[in-house]
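Structure first, then comments.
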Amino acid sequence: MQDASERQHIVELLVRGWSDDRISRELALSKRTVQRRVQDLMQEHGCSSRFALGFTLGLRLGMRAPGRAGSPPGSPGHHPGRTVRAKGPDAPSRPGPRRPWVERSVRPR
């Protein structure tokens, strides 16, 4: 039977993207035990994949990926003085390198 702290630790490591093998080494459990715990969590939360489970649990727990823009000061992802560029469709675009168009003749074979 698993206790609440073990379950919470497994959830945190899943959200971080750790593999079953790595989780089992961290918690000193067998890999099969971790696989069973993950399967139980997947059924409990109605997820069909580990990725979906990690994503769902991360959203429910309000967890953020480390190193992302907007990390609060003092968190592992916060880097003072570091500028983070916006990404996505609303981000200002930067022009790429200009390459002059070179027309090449095609030789018949």
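Just so it is clear, none of the values below were taken in a lab; they were calculated from the coordinates. Since this is a predicted model, take the numbers as computed values, not measurements.
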>> Give me a comma-separated list of calculated 3J(HN,Hα) values for the range 8-21, in order, Karplus coefficients 6.51, -1.76, 1.60 applied at θ = phi - 60°, integers in Hz, x for any Gly or Pro.
In response: 5, 5, 4, 4, 4, 6, 5, 4, 6, x, 6, 7, 4, 4
> Residue-wise, which Karplus ³J(HN,Hα) couplings in Hz belong to the range 50-62, taking 6.51 cos²θ - 1.76 cosθ + 1.60, θ = phi - 60°, and x for glycine or proline?
Replying inline: 5, 4, 4, 5, x, 5, 4, 5, x, 5, 5, 8, x
> How much length is gained on full extension from ASP40 to LEU27, taking 0.36 nm per residue of separation minus their Cα-Cα distance?
Replying inline: 2.9 nm
